[in-house]
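Structure first, then comments.
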Amino acid sequence: MTSIRIIDYPGHQSLLSQLTTLLLPGATSRVVFTLDATQPVTEGAALLYRYILTHPQVRQSWSKAGETLLILVVCTKSDAVGAKNYKRMKNTTSGTSWIN
């Protein structure tokens, strides 16, 4: 039987310094990163970029382990009036290299 541990980690600024410890090899193998499609994307994209994609400790540890951190970006509230569509979300969050 395969076990799955799910951690719902808030994106509040005061907790972000502790996030990297959960992103190291052995602590996690996959990340589901949620963005609210009704809100400006830049804040969420910046968090993804700074604390996951380019954080030195996270990048170095995954590179040293020879593994890849799998990341799925999910847009919530996409059915709400005024929500950004997937093309706009993709354009805003693309252009970064994934951890390997």
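Residues 34, 20, 42: which one is exposed (fewer than 12 other Cβ atoms within 10 Å of the Cβ) and not in a loop (DSSP other than H, G, I, E, B)?
Only one candidate qualifies: 42.
Would you call residue 81 among the hydrophobic types (A, V, I, L, M, F, W, C) and free of Cβ contacts under 8 Å to residues at least 40 places away in the same chain?
Answer is yes for this residue.
If residue 1 satisfies all but one of (1) in a helix (DSSP H, G or I); (2) farther than 16 Å from residue 71 by Cα; (3) aliphatic (A, V, I, L, M), what's the number of the condition it fails?
That leaves (1) as the condition not met.
How about segment 61-86: which of its residues are in a loop (DSSP other than H, G, I, E, B) and more than 15 Å from residue 41 (Cβ to Cβ)?
Correct list: 66, 67, 68, 69, 79, 81.
Mind listing whichever residues of segment 46-55 are of a type outside the set (Lys, Arg) and either part of a helix (DSSP H, G or I) or loosely packed, with under 13 Cβ neighbours inside 10 Å (or both)?
46, 47, 48, 49, 51, 52, 53
Taking the conditions exactly as written (in contact with a Leu (Cβ under 8 Å, 6 or more places away or on another chain) and assigned to a helix (DSSP H, G or I)), does residue 58 satisfy them or not?
Yes.
Each reported figure results from applying straightforward, stated rules to the coordinates on display, with no laboratory input. All values reported here derive from a predicted model rather than from experimental measurement. FYI the Cβ positions are ideal-geometry reconstructions off the backbone, even for glycines, and counts take in every protein chain you see.
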